[in-house]
Amino acid sequence: MDGKINETLEKDTKLRFPHIYSVEASAGSGKTYTLTLRVLQFLLSRRNIKNNNLTNILGITFTNNSAKEMKTQVLKKLKSLNLGLLDADTLSYIYDITSFGGDTSASAAAFASKAAENLIDNILSNYHDFQIRTIDSFTSKILKASAAEMGLPPDFEISTESSGITDYAVLKMIESAEQGVLEKFLDLLSRNISRDGIDFNPADKIKNEMKRLLEIESDYNSEFIADFSVQEKLDENLKPVIDGLKFLLEAAEKEGLEINGRFKPETIEKIKLYLNDKNYFGLVNDRKGFPYKNNKNSAGYSEKWEELYDRFNGYMPEIAKLKSLPYLTMYGSFKKELINAYKILGLVYISDVNKKLSRFLRENSVPEVYFQLGNSIYHYFIDEFQDTSKVQWLNLKPLIEESLAKGGSLFTVGDLKQALYGFRGADYKIMKALNDDGGRSFPSIEEFKKVSLKFNYRSDKILVDYVNNVFKTDLKRKVEAVGDPAGFLTYEQDTPTDETGRHTNLGGYCSTEIFKKEDKNKNHENKHKDKYNNDDNKDEDEPQGGLSEFNVLNAIEDRLLETIDDLVKVRNYGCGDIAILAQKNKYLNYLAGLLIEKGYKVVTQSSLDIRNRKIIREIEILLNFLNSPTDDFNFGSFIIGDIFGKKISLQGAKKYAREEFEKFLFETNLNNLKGEPLYILFRERYGDLWNECFDELFGKTGYLPPYETTLYIYKAFNIAENFPEESAYLAHFLDALQYAEEKGCADLNDLLDLIKTDNSNSNLNAVDSGELFSIDLPEVKDALTLLTVHKAKGLQWDAVINVFVAEENYALMPDSAKSAGGKGKKINYFAAESDDSKDNGGIGDAEDPDTHKPLNLFYITKSMFEGKKDEPSRSPYLESVYYGALKDQNISDLNNLYVALTRAKHEMYNFIIAADECPLPSISSGEKKFKNKNFIENKNAENAGGFDEETAVAVLDCGFCDIGYEYAIKTGSQYLSVKRGDVFHKILSEIKYAEDFENLDPLIEKCMLLLRFKPSAEDFYETKAEIKEKILRIKENDYLLKLFNKELCSVYTEKEYLSASGAICRMDRISIFKNLKESESLSESGEICILDYKTGHIDKKEKENYESQMQRYKSILKDIYKDKKISAVVYNIDDGDLFHF
């Protein structure tokens, strides 16, 4: 670590207690190192720092891995200090900040060594007192110590996994629910359908909603309001409105009014259905004005329609509560069953721990809590402070205040720019509030100090400069639009400097490329997708389905593989040195399949059991139906799935929307009194679809073996063509079925049993289904890592490839896009509410957990409040809630981008797939390097025995590695292509003027020798004579020849310029004309002309990249030569083409 980090921590004799130190630690700035040294300072000090025994110090992290890492670092440094093996910088740092420091004499070193030895013995003898633990571990410790006072059994256990118990509680709730309650639930569910529709079987949806409601209550330390009368009150209040709207439609029909051009007859029928069903969400979504044109006999119909809708708008806050009302009707019963289940098992759910502790701390004094723990904590160290939730802070705050009142301290480390876990209840505003108020919320403190770690020890300078420029320049307007709570515009970061002030970690390579998103099936595919739906934000919890809705990654496939091939096969990076990061698991699953097909080892965070793929699950569902046609659930699930939806949307003669089948399923479920099988009713109503999709398949079932049946399904529904991104998984599924048949899987029953089980099937002992349906992953060692950005936080790799879909991240959307994210975005938003907060629009202070206000859950879409053009908002309250929640989402998007851009050490490649323009420009900056693998012995041999030009392996010195040329030849032709370009560039860099062409032979020889490149027919593309011929061709171009005229211009070759962002750009050739008149004789030229050389074939994509590069060069020179005209040309050495930019 650089010595300047010493400014972060003060010497222990200068510390004033009680105090709070808040450290802002940007990515790669040594957060763990600083926190570790602070802990060591407190443990080792014997002056000024009182109450610094193991039992008095608590380090809090948010993951078990972080706690383990911090403990390991403390012990490793103590061991090194004891043995005299600690690195010089860290040793000097410890001397500077601890009371035995000040000089590095032998006596001081002996004292430090002995202190470290004693401390190690103490920790190992009393390891349970070494308190570096997760926040959940700490709160559970308090619960354990105070179990009797809280009414808990002394031997209770805390469960961190509630899925099985929650499922059990849901089933018990449904089993025990009265018929009237279930009917009420289904009625509310059907009446409050939004455009997302409903599930045919709501059991899974109920489970997910119950879990979500539990989490929200835990995060807010409160409980939901369950006002079941809201629907009845709305029905009563809106009855005149609904009757009035019905009357106007009926009157218009009777009078034969012409339909307004904006409407279709089926749309009007849908509005009638909404009115009859009192489906208020439907009326909100289809609010486009009166659907008929007025005539002289119907004057005022449109005005009356608008007046009625204005009255309707007044009830929007109540309507927003209806979406969750069906689940809230059952939530109380569910919680009773859940509590009973936990009690039977003697467990306490981890999400309930914080609520119990909060209640206990309110009702008991903090000293009593410490008494129960058996010791007092005086010094708190909190890691990743930005990830603290409201309820966690509510519980920690009184404990910390008690410690500060007794002369203790609080040390926090965090980065607001890396706050990603808002969807889990984390609240970055806690850290921001503490920093903004200077610790005034803790009245006991003597001193509050806020410091920033300003050096990035992870990334090379090109990468650090790029990230700074992205947020301070490219995204400045977007950052300003959200108020910049994270400090993107004010933070400072650079690479470290040495004693002379020269920056270290120079170099690096960064590339950003924009790919045009395919607009395939845009209207159909994105209809039900919404990044602002709260359920979709929890990427870790989303189904691991395919990308059938998004054909977005096709654009980058070739470029991604080319980049990985270059890194691994050409430049000797290990696969373990490379990570691919994306926003969602489904993208990673797709890329994993692609890379596995290409023979790469892959490690991904999600399972590669193909039965977890959404597309495979749908095939299984259809097979279940074919095996048992009376199983309505499977048939119903299939017809509202992706396979059937894609089939009828792309190839059906008549277009059907998913809502059509959802409505059919729901009506059938309510009205099918005779119990007719669902497929028969479907066949009667949709005969054309049945004949096209199911009839032949249905008839063949039972006559074909499972493999052929599945193959027929692929063909009947065009699965391979409609889901090309799933090809690896679809092919593996067929291979698995074929193998199963060979082992005795003779019919659909056997096959379905095999799919459902995780172990060897009892009837097919030779087949292990877990192994059969898994795509074999290679060993973890030296494999490409695929992670979501959330999972990559805190990690680093030599090279990182980021895959972004621009429309899914606010930071990458066009500047013209509204902050709300565009039309139709939805938010499931929850806010605290109480009767005494009605003056504030019905919302209390949701950010203040001390209020303990009851909760209400709102479902808000823009159409609920957005008026017509130039009209005021229909509901200012909902608008403020909506945009407030969206602002938090946009802040999270900016943070997500920052984390992704700060994982790379040496090279970063950003692939951005955008339908529209992207605020980040395409760039390529820095220099790609070669990594050494097997050439240490070659280097040693060269150093030991001298250099023999005939026998030695040529070595290229390239920064952080050495690579042997002969080995590089074996890694692929791309290396030759790169080196070939280097040779031409080196030769041309030494040709400034026309006379320099006269003596090319020795120049070519010299450049070959400098680059240690042996030209021959075997090792190189051209002979020296052919190289000479291509270079002399430049003189045949009259335009270029003037750029080599000494009388007309001054020339600079390989000239380096510094861009406004701090990036170094090296231009091949710059000609500055002495005579404006002469320069104007050059077509499309000006006073300064940039000439860049290229080799190889230049396709359309490369030309676009070169144009971007030249525009950037021109911009740099324009900043320097403000009154000059600048032009740029690219010359292809191979084919003689000249491109003007």
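Since every read-out is calculated from the coordinates, none of them should be taken as a lab result. Only a predicted model underlies this, so the values are computations on that prediction, with no experimental measurement involved. Every residue, glycine as well, gets a Cβ built from its backbone with ideal geometry; the counts of neighbours run over all protein chains shown.
Observations on the model:
- Filter on LYS1006/LYS1030; LYS172/LYS239; LYS1028/LYS1055; LYS586/LYS646 - keep pairs with C-alpha separation over 27 Å: LYS172/LYS239
- Phi-based couplings in Hz for region 579-584 (Karplus 6.51, -1.76, 1.60; Gly and Pro marked x): 10, 10, 10, 9, 7, 9
- Residue-by-residue Karplus 3J(HN,Hα) for region 885-901, coefficients 6.51, -1.76, 1.60, Hz, glycine and proline x: 5, 5, 4, 4, 5, 5, 4, 4, 5, 4, 5, 4, 5, 4, 4, 4, 7
- Computed about its Cα centre, the charge dipole of region 230-320 is approximately 260 debye, with only Lys, Arg, Asp and Glu carrying charge at their Cβ.
- In Hz, Karplus ³J(HN,Hα) per residue of region 616-631 (6.51, -1.76, 1.60; θ = phi - 60°; x = Gly, Pro): 5, 4, 5, 5, 4, 4, 5, 4, 4, 5, 4, 6, 9, x, 7, 7
- Summary of packing: across the peptides 863-871, 574-582, 463-471, 130-138, the per-residue average of other C-beta atoms within 10 Å ranks them, highest first, as 463-471, 574-582, 130-138, 863-871.
- Close amide-amide hydrogen proximity is noted between LYS1074 and CYS1049, SER1050, each under 5 Å apart and 5 or more residues distant or on a separate chain (H modeled in the peptide plane; Pro and chain starts excluded).
- Cross-link table LYS246/LYS663; LYS472/LYS1124; LYS144/LYS207; LYS647/LYS1100; LYS254/LYS278; LYS390/LYS862, entries beyond 31 Å C-alpha to C-alpha: LYS647/LYS1100
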